[in-house]
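Each reported figure results from applying straightforward, stated rules to the coordinates on display, with no laboratory input. Remember, it's a predicted structure, so these values are computed and weren't measured experimentally. Note that each Cβ is placed from the backbone with ideal geometry, even for glycine, and that neighbours are counted across all protein chains shown.
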Amino acid sequence: MPRPTIEEVAALAGVSRSTVSRVVNGSTAVSPEALTAVQQAIAELGYAPNRAARSLASRQTHAIGLVVPEDTTRFFGDPYLATVVAGISARLSESEYVLTLLIASDDPGDKMTRFVRNGGVDAAIIVSHHTSDSFVDRIVEAVPVVFGGRPLRPRPGDYVVDVDNEQAARHATGHLIGLGRRRIATITGPPTMAVGVDRLAGFRAALQDAGLAPTGEIDGDFSEQGGADAARALLADGDHPDAIFVASDLMARGALDVLRSAGLRVPDDVAVVGFDDSAVALSTAPRLTTVRQPMFAQGQTLASVLLDVLAGREVPDRVILPTELVVRESA
């Protein structure tokens, strides 16, 4: 049978073609009576709009850009990012939007930025962003954006989905203090990322509350190799810490390997707490005490907030999801 046309829907509903088009494209400029009539006609005829024609008419692509300002090695090797992306994809699969992945540690020649600004996507989700990522500003100017994690340089009207990283780090460090540890160090994320800054601030606040000073603070760049290098630096003077708060599970795995190689027992000699509760936390020996953040739910929430923004619904500027400390053998 021939595919039903928009004109046939309009004739059956007793409305104009433009009214049907407004209903199909989600416009609110339609009376309740006309909306009901069109919806009934669509159902009766089995009408399905031509997506390509809709895109041309409305200048919509029905694509969401996932902007990850990292290199491919970091993106595909980080369990946190992988789980967040899985949550985004799961939520968008319930909508008419598809996900377009845009990975770049920088944007030479503004290629990616031009793609977004020239209508390649309708909106964007930006995760793992740094202060040096100036191309992010140009994307924000072009399309609606939701950030995974607060930007270090916030803009009025930014939409952000995050956890309370400072409070979570404070709780994790307090756990180490509660175990009687007094020479406590941290392996941090980069100072160019708000998440690195916030987790370091929480670490420092917990020590200050207990009247302690940090034994060491080393940037591990949120990578396994960076965590290993930072652990070696903490052990370099021979007077090792008795506990380490590590700002990601991936860095913690690198640190645990170094501690083991140095003949130090975890948790007897050095207690270790990570952050994320990714699959990495269960793959280490001993298993990792860590801060659980709802990574999959973060991805789902990022997508839900952006879909609400695109639909013109009211959404809060900030959505803060809960964390909890999961205690295992490492601390």
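Each peptide among 213-224, 314-325, 194-205, 86-97 gets the average number of other Cβ atoms lying within 10 Å of its residues, and from highest to lowest they stand as 194-205, 213-224, 86-97, 314-325.
Its relative contact order, with pairs defined as Cα atoms under 8 Å and 6+ residues apart, puts the stretch 247-289 at 46 percent.
Electrostatic tally near Ser95: other residues with Cβ closer than 12 Å to its Cβ, Lys and Arg +1, Asp and Glu -1, net -3. Using only Cα atoms, locate the centre of the stretch 290-308 and the centre of the stretch 127-199, then give the distance between them in Å, rounded to an integer. Cα centroid of the stretch 290-308 versus Cα centroid of the stretch 127-199: 15 Å apart. Across the stretch 193-331, the volume of the C-alpha convex hull divided among the residues equals 118 Å³ per residue.
Extension gain for the segment Asp158 to Gln208, taken as residue separation times 0.36 nm less the Cα-Cα distance, is 14.8 nm to one decimal.
P(r) for the chain, from all Cα pairs and a bin width of 10 Å, is 6, 23, 26, 19, 12, 7, 5, 2, 0 %, short bins first. Calculated [222 nm] ellipticity per residue, helices only, for the chain: -13000 deg cm²/dmol; basis is -39500 (n - 2.57) per DSSP H run with n ≥ 4, divided by all residues, nearest 500.
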